[in-house]
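Beneath this line is the structure, given in C-alpha cells, with notes to follow.
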Amino acid sequence: MRKGFDGLSGLVRNSLERNPLSGEVYIFLNRSRTLVKLLHWEAGGLVIYYKRLEKGTFHPPVGMEAGGTLPWSSLVLMVEGIRVLDSRQLPRYTLA
C-alpha cells in the first residue's frame, strides 16, 4: 500500500491492461483488508481516496476478483462497512 499515483496507474495499465484515465474507479485492498485505496480519474487529474479502518475489515462483495467490475452502489456499501447478504433489484417503471 505504498504506491502513489504513478505506481497505482502503472498497476492498472500493466496488470489489468486497462486505461487509468478512463474514468473508472480502481480498488486496491491490502492483505489484511484494513486499508483501501480508490484510484479515479476526474476532470483535472487522478484522485486517490484512501481509508484506513481502526477496527474491523473491508468485505468485498461476492464475485469481485482481480479485474472484475462492481456497481457504484456496491462500492459505496463496501467502503461504508455495510454488508449485504441477500438483495434483489426491483423493476422500475417510467411514466410515459
**Message:** Can you tell me which of (1) open to solvent by less than 50 Å² (accessible area, probe 1.4 Å); (2) in contact (Cβ under 8 Å) with a residue 24 or more places away in the chain is the one GLY23 doesn't meet?
**Reply:** (2)
**Request:** Considering each residue of the stretch 32-63, count those that are under 17 Å from LEU11 (Cα atoms) and in contact with a helix residue (DSSP H, G or I) (Cβ under 6 Å, 6 or more places away or on another chain), and give that number.
**Result:** 2
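Quick one: in the stretch 73-86, which of the residues that are open to solvent by 90 Å² or more (accessible area, probe 1.4 Å) and without any contact (Cβ under 8 Å) to a residue 12 or more places away in the chain is farthest from the chain's Cα centre (by Cα)?
Here the answer is ASP86.
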**Request:** Look at LEU95 and say whether it is open to solvent by less than 70 Å² (accessible area, probe 1.4 Å) and at negative phi.
**Result:** no
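Take the conditions among the hydroxyl-bearing types (Ser, Thr, Tyr) and part of a helix (DSSP H, G or I) and apply them to SER22. Does it pass?
Values: among the hydroxyl-bearing types (Ser, Thr, Tyr): yes; part of a helix (DSSP H, G or I): no.
When the stated conditions are applied, SER22 does not pass them.
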**Message:** Being open to solvent by 80 Å² or more (accessible area, probe 1.4 Å), part of a loop (DSSP other than H, G, I, E, B), out of contact with any Cys (no Cβ under 7 Å at 6 or more places or on another chain) and polar (S, T, N, Q) is true for just one of THR69, THR57. Which residue is that?
**Reply:** THR69
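The values are calculated or read from the model by the stated rules, or taken from the named source; none is laboratory data. Here the structure is a predicted model, which means the values were calculated and not measured. Here the Cβ is made from the backbone with ideal geometry for all residues, glycine too, and neighbour counts use every protein chain on show. Note: accessible area is taken over every heavy atom of the protein model, side chains too, but ligands, DNA and RNA are not part of it. Shrake-Rupley method; radii C 1.70, N 1.55, O 1.52, S 1.80 Å.
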